[in-house]
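Remarks on the structure that follows.
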Amino acid sequence: SAAISIRNLVKRYAGTKGAPGKLALDDVSFDVPQGQIFGLLGPNGAGKSTLINTLAGMVMKTSGEVSIWGFNIDKDARNAKRAIGIVPQEIVFDPFFTPAEVLEIQAGYYGIPKAARRTMELLAAVHLTDKAGAYSRTLSGGMKRRLLIAKAMVHTPPVLVLDEPTAGVDVELRRQLWDLVTELNAQGVTVVLTTHYLEEAEELCDSIAIINHGKLIANKPTRELVGMA
Ligand code: ADP
Ligand code: ADP
């Protein structure tokens with residue numbers, strides 16, 4: 001089955017008095033195949049974050065069906081949530097914890113017993129082994145972003161979703177993050193990322209879905225899409 005299946009997804013945000021709410025997702029349907037790096041491409045305001053936040057359970061959809069790794073997000077929310085790791089755009093961990101502590105606390109949220117935790121393995125995967133005991137506030141921006149990725153992987157989800165992972169980062173860090181995404185994918189993780197850079201989607205992604213004004217306007221293997229342009 002698909003890693004993520006989205007059918008007729010609609011999100012209309014609540015309006016203010018007299019004004020209708022914004023239709024942020026307008027009857028969106030597509031599948032993310034297992035094993036891919038899948039790009040969700042669109043300009044600012046297209047609906048990308050709304051879609052990601054719906055997958056993460058942070059936005060309540062208006063209608064439609066969503067399944068993650070075969071688990072329906074309404075009927076089987078617990079399993080659906082465990083099948084996905086979300087890397088948010090903003091850095092959200094406590095700066096006074098160390099990377100190892102950030103991952104231990106996250107493992108605690110998931111009820112993962114101490115013996116089953118993969119803290120050092122995860123830090124190695126994001127190339128932060130030698131920073132395990134440093135205060136997070138002393139890490140560079142790139143190190144913090146890599147720690148966020150490790151945090152999203154604590155419960156070993158088969159699907160990793162990154163919301164604009166390279167927005168506002170310099171060329172070198174972008175390259176680092178691309179390499180990391182490629183490494184994780186090579187280890188079997190299905191990756192979904194949102195971006196407004198066509199170049200990024202082309203370079204990294206096996207398939208690209210384009211959304212604009214809340215509508216899906218294309219969904220193709222990258223080489224077919226590039227051929228079209
Ligand atoms: P993107 O991530 O592609 O930039 P978003 O999903 O953030 O797009 O936004 C899609 C549309 O929904 C935009 O018009 C945005 O202003 C609107 N929107 C986003 N969040 C909210 C909200 N909480 N309440 C009302 N409108 C929202
Ligand atoms: P619970 O379902 O156990 O109440 P919460 O929603 O309170 O979990 O989340 C606990 C912590 O895990 C928070 O830091 C939250 O941001 C984070 N979190 C929850 N779901 C995910 C996910 N899929 N990927 C990454 N972090 C997550």
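Rule-based calculations on the coordinates, nothing more; no lab input. Source: prediction; values computed, not measured. With ideal geometry, Cβ positions are generated from the backbone for all residues, glycine too; neighbour counts draw on all protein chains shown.
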Checked region 119-208 against the a/c 1.5 cut and the a/b vs b/c comparison, axes a ≥ b ≥ c from its Cα gyration tensor; verdict oblate
Which order, highest average first, do 7-14, 207-214 follow once you tally other Cβ atoms within 10 Å for each residue and take the mean per peptide? 207-214, 7-14
Under a Cβ-only charge scheme (Lys and Arg +1, Asp and Glu -1), can you give me the dipole magnitude of region 1-151 about the Cα centre, in debye to the nearest 20? 220 debye
Spin-label zone in region 1-21 - amide nitrogen under 18 Å from a point set 7 Å from the Cα of Gln89 along the C-beta vector: 13
What is the list of residues in region 15-57 whose amide nitrogen lies under 18 Å from a point 7 angstrom out from the Cα of Leu198, following Cα to Cβ? 39-46
In whole angstrom, how long is each semi-axis of the equivalent ellipsoid of region 168-209, when you take the square root of 5 times every eigenvalue of its Cα gyration tensor and sort them from largest down? 17, 14, 7
Over all directions, region 13-75 yields a Cα convex hull whose mean projected area in nm² is 5.3 nm²
By counting other Cβ atoms within 10 Å of each Cβ, how are Phe96, Phe71, Phe38 ranked from fewest to most? Phe96, Phe71, Phe38
Least to most buried among Asp94, Asp26, by other C-beta atoms within 10 Å and fewest first, runs Asp94, Asp26
Report Rg(Cα)/(2.2 N^0.38 Å) for region 159-229, keeping two decimals. 1.12
Residues in region 1-29, backbone N under 12 Å from the label point at Asp74 (7 Å along the Cα-to-beta-carbon vector): list them, ranges by number please. 7-10
Relative exposure of Ile52, Ile86, judged by other C-beta atoms within 10 Å (fewest first): Ile86, Ile52
Below 8 Å between Cα atoms, with a sequence gap of 6+, how large is the relative contact order for the chain in percent? 28 percent
Among all lysine pairs in the chain that are eight or more places apart or on different chains, how many have alpha carbons less than 15 angstrom apart? 14
Quick check: pseudo-label points 7 Å beyond the Cα along Cα→Cβ at Asp170 and Arg7, how many nm apart are they? 4.9 nm
Of the DSSP H helices in the chain, the ones reaching 15 Å or more along their long axis in Cα terms and averaging at least 1.0 in Kyte-Doolittle hydropathy are none
A student applying the Cα gyration tensor rule (rounded when a/c is under 1.5; otherwise prolate if a/b is larger than b/c, oblate if not) would label region 26-136 prolate
